[in-house]
Amino acid sequence: MTVPRQVSHWVGNATLHNRANSVLVNTDPRTGEPTSAVALGGAVDVDAAVASARLAQRGWASRPPVDRGRMLAAIGVAIRERRDEFVELECAETGKLDGEGRTSIETAADYFEYYAGIVRAHFGETIDLGSGEHAFTRNEPWGVVGMITPWNGPLSQAARGIAPALAVGNTVVIKPSEFTPSTTVLLARLASTLGLPPGVLNVVTGEGGDVGSRLVAHPDVRMIAFTGSVASGRVVARAAGDRLVPVTLELGGKSPNIVFADADMERAATGAATVCVAAGQQCAALSRLLVEASIYEPFLAAVAERVAARVPGAGLGPLTTRAQHEKVIGYFAAAREDGARLVTGGRAAEEGALARGRYVHPTVYADVTPQMRIFREEIFGPVLAVSRFDGEDEAVALANDSDFGLVAAVWTSDSARALRVAGRLEAGQVIVNGGAAGIETPFGGYKCSGIGREKGFAALSTYTQLKTTVVSLAP
């Protein structure tokens, strides 16, 4: 049996001893073999990390943006140079296919390189109050930023927050998921070898109830960035509200994908099948497919064919955690109870070697109504719920009939309708005819999908506070 790797806290550019001597042994979602023994930290570890971050923050913020940017750029280059090591760790803990893992690691490097450049363009402004006054604004860091990241995209989601936060002069204490912490710890260790000052980036591993709770409640943490479930997000928001500190929340979605009869059927069907990417464990997954009635059955068949072609173990990875595997299987039972029509999949994948992993067959349900749980609740698996609509108004009504509002998509050859519908959709990001969003495009949700924006130039504002200074020019 494989001996699990030891994963410990990284504080002040050094390994922090696992004082509790308590670990969580994780297993590879593909094989069931042990992968990592993760130190389960507590309040004392968080306190040490925050103290280190607070001590380092003023010195880091005092550096010119160009110097901070050069450090971020060096981190991005180093990630690419050690890409294979990052990919191996990420795939072993998440179960991602090799190509998915490589894309995730490349994205992480992109974040550091992107924010390395644009921080030099993050200016304040002057305000004309007349000849007797000089008024100007300045973007200043919050101080110590506490981050909590999920298990589905460990390095890319860590980089998404760390890069802009460090770019503008904050220091960071991050709690990665206890199930997938290895690439985040490796990132911090790697950054220290490149000259990132001690305390600028700290990692404390452990569970949310111990590490996460202390991090969001710590009086020296001045801003919180959280990605995870709605339930946990509410807990984080309450803690932030009690202390009156700013918070960004990215809490998932149940994103609609609207296909009109005049759409490019081939491209739209291929786009709908992306619900299988990362085994559907993406907050932005387009998991509700809304199809115009006149093309419903043929389009459903085309999508189901593409989804069914994603063979577990070859074209479809496993579900990352045992709890998530059980949750998805539970939704198969819920769909049967609610009367959805199973088109393909709907069961665990237990053939041969697949039985050792946490696999399910990619799944499509048809004739899904708004009353069904698979229409309303985020499954976070390779499961597509398909509904039909008649006309634009019904399409928009169905799309917006959700507590979530992270992403939405529209397929049509009518450009006016595309823009009209996009404007009516209650979502933070709308994709038209397969448009590809990037790290440059702000990301965040409406409604229960969260608060605030990550990615793009907007993230620099997320991680800064605005100061206004007015100077009298009177003699």
Tell me, yes or no, whether the stretch 268-285 has at least one residue that is hydroxyl-bearing (S, T, Y), within 26 Å of T94 (Cα to Cα), open to solvent by less than 20 Å² (accessible area, probe 1.4 Å) and touching a Leu at 6+ places or on another chain (Cβ under 9 Å). no
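Quick grid of which residues meet (1) among the basic types (K, R); (2) under 28 Å from V119 (Cα atoms); (3) surrounded by 15 or more Cβ atoms within 10 Å (Cβ to Cβ):
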site: A73; (1), (2), (3): no, yes, yes
site: R80; (1), (2), (3): yes, yes, yes
site: D84; (1), (2), (3): no, no, no
site: E93; (1), (2), (3): no, no, yes
site: G99; (1), (2), (3): no, no, no
site: T103; (1), (2), (3): no, yes, yes
site: E106; (1), (2), (3): no, yes, yes
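Results for (1) farther than 23 Å from S192 by Cα; (2) open to solvent by 20 Å² or more (accessible area, probe 1.4 Å), shown as yes or no for each residue.
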{"position": "G12", "(1), (2)": "no, yes"}
{"position": "D28", "(1), (2)": "yes, no"}
{"position": "E33", "(1), (2)": "yes, yes"}
{"position": "D45", "(1), (2)": "no, no"}
Helices (runs of 4 or more DSSP H) within the stretch 353-427 that include 1 or more residues acidic (D, E), modelled with pLDDT under 95 and in contact with a Pro (Cβ under 7 Å, 6 or more places away or on another chain): none
Taking helices (runs of 4 or more DSSP H) that do not extend beyond the stretch 189-289, which have at least 2 residues that are over 30 Å from L419 (Cα atoms) and in contact with a Pro (Cβ under 8 Å, 6 or more places away or on another chain)? 230-243
Report every pair of residues separated by at least 6 positions or lying on different chains whose Cβ atoms are under 8 Å apart, first residue within the stretch 436-449 and within 15 Å of Y114 (Cα to Cα) and part of a loop (DSSP other than H, G, I, E, B), second open to solvent by 40 Å² or more (accessible area, probe 1.4 Å) and acidic (D, E). I439/D110
State whether one or more residues within the stretch 330-349 are at positive phi, outside any loop (DSSP other than H, G, I, E, B) and either of a type outside the set (F, W, Y) or open to solvent by 30 Å² or more (accessible area, probe 1.4 Å) (or both). no
Please find, among G195, G169, the residue that is open to solvent by less than 10 Å² (accessible area, probe 1.4 Å), more than 21 Å from the chain's Cα centre (by Cα) and more than 27 Å from G253 (Cα to Cα). G169
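The values are calculated or read from the model by the stated rules, or taken from the named source; none is laboratory data. None of these values were measured; they are calculated from a predicted model. Cβ atoms come from the backbone with ideal geometry, glycine included; neighbour counts cover every protein chain shown. The accessibility values were calculated without ligands, DNA or RNA, using every heavy atom of the protein model including side chains. Shrake-Rupley method; radii C 1.70, N 1.55, O 1.52, S 1.80 Å.
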